[in-house]
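For reference, the structure is listed below as structure tokens.
Just so it is clear, none of the values below were taken in a lab; they were calculated from the coordinates. In this text the structure is predicted, and so the values were computed from the model without any measurement. For neighbour counting, all protein chains shown are included, and Cβ atoms are generated from backbone atoms with ideal geometry for every residue, glycine included.
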Amino acid sequence: MISKHIPMRNVKKSSFTELAKYIEDPQNKQERVGAVRVTNCQQLNIVDAAKYEIEPTQRLNQRSGADKTYHFIISFRAGENPPQDVLDAIEDRMCAALGFSEHQRVSAVHHDTDNTHIHVAVNKVHPVTHNVHTPYNDFKTRSSMCQLLEKEFGLERDNHKAEKTLSENRAADMERHSGIESFLGWIKRECAGQIREASTWVDLHQTLRENGLELRQKGNGFVITGPDGLAVKASSVDRSFSRGTLEKKLGSYSDSLTQSSGNRASPDVTNRFRDYAPKVIRPGARPPQHVSGRGFNPSAIPVIKAGRVNRYEARPLILKPASNQGVKLSREAIQSLCFGP
């Protein structure tokens, strides 16, 4: 058994209601969601509890700028499926160890992977004191509890090594938590296929520019940058975009400035322009008569075809329509769904 905390990196995008919807959403899978629990709330429906009890309680604390939601997973070994009373006891014991025994929370058992797991979303704001509780050194607490509960309930032992949730996991966590498409997720869905098709550094840089992106060197690797200073490791988009793999495929790295000669005038055109420049004459002299063929033709300079340019925007992920006819939502409705009232 292992436990993993899923932090929300952008606090402004955190929405307990959207997280509750994700936890309860069967996603058209018959056996994705098992038992659903609502703890320390009056409402029994998981979304209603989040919307009408938990989020109003979170708004009572205006002092803290931290994320007021603690989302974590308890996962069991492949093929292990404890009975529901054991799952409930494990959730209660884990939350108590983290200091959340009196806090509002919602949870659901998921069976959509080989590992049965519990999603637990906790309101960090205490319902009475309205103070925000952030567990100290929570990884060690969860790891120790996993080892203790394995022995107590006769579960298979795990190695309990720390799992680094870097770019790839963080992007997926953000999308699950807020319903907003992440920068990394957008690159994977919209641009990765085009980047793989690049056969030269020129093609790769041009492809990135067409999508509002840029490849930069950082340390011994590459990062892909976008609007508003967003950046992700190139290898986190795809393993084949690591520096070693790309240089093996495209040759030694060349940046966009030295390799963008296709977007500049050739040396021949530059020399012709220099030869056709009018000579300096003394002031007051009559201008020379026009000689056919001596004028510079601007069409000789290659034209950059910009075409349609993609840009990443932090938009909500595609919402599922209530019917086959689809649903159109106003901007105000989308903002309300994603960020709450």
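Side notes on the structure shown:
- When you count the other C-beta atoms within 10 angstrom of each residue and take the mean per peptide, 33-41, 120-128 line up highest first as 120-128, 33-41.
- With a Förster radius of 25 Å applied to the beta-carbon distance between residue 129 and residue 48, the computed FRET efficiency rounds to 0.55.
- Charge dipole (segment 18-66, unit charges on Cβ, about Cα centre) - positive-most of 36, 61, 23: 61
- Judged by the mean number of other Cβ atoms found within 10 Å, the most tightly packed of the peptides 209-218, 190-199, 10-19 leads the ranking 10-19, 209-218, 190-199.
- Among the listed pairs 4/188; 29/140; 124/233; 13/188; 4/249; 51/233, those beyond 26 Å (Cα-Cα): 29/140; 124/233; 4/249; 51/233
- Counting only the Cα atoms, segment 2-178 fills a convex hull of 116 Å³ per residue.
- For the peptides 20-26, 224-230, residues were scored by their other Cβ atoms within 10 Å and the scores averaged per peptide; the highest-first order is 20-26, 224-230.
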